[in-house]
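Taking it in order: structure first as structure tokens, then the write-up.
The values are calculated or read from the model by the stated rules, or taken from the named source; none is laboratory data. Because the structure is a prediction, the values reported are computed rather than measured. Glycine also receives a Cβ, built like all others from the backbone with ideal geometry; neighbour counts cover every protein chain displayed. Each accessible area value is taken on the protein alone, full model and side chains, heavy atoms only, with ligands, DNA and RNA left out. Shrake-Rupley method; radii C 1.70, N 1.55, O 1.52, S 1.80 Å.
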Amino acid sequence: RTADGFLRPTRRARPNILITGTPGTGKSSTALQVLGLEPYLKHIDVGQVIRQEGLHAGRDEERDCLLVDDDAEDRLIERLRADVEG
């Protein structure tokens, strides 16, 4: 980080690929197919992180998914950053 708190630009060795969609649309299947083609990539299941870390504030029954706790967003971002950088 710079003195004013901004992240310094860095050269990344691997891209970040974000796959989004509502439950049941094939996000995990797509990610696993991509990993099969490019095994140097790392798969991070954000939903799994939210469940494991207890970073949710309930469930959206209509969409069949967890609701991220607004107060836990910073913790989620830090955890994901650690996973990506680690």
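Figure legend: label point modelled 7 angstrom from the Cα of Asp64 along Cα→Cβ; residues of segment 23-37 with amide N under 12 Å from it are 23-26.
Solvent-accessible area of Asp71, all protein chains in place: 140 Å² (probe radius 1.4 Å, heavy atoms, ligands and nucleic acids excluded).
Shown for segment 43-86: the carbon plus sulfur share of the solvent-accessible area, taken with all protein chains present and a 1.4 angstrom probe, equals 42%.
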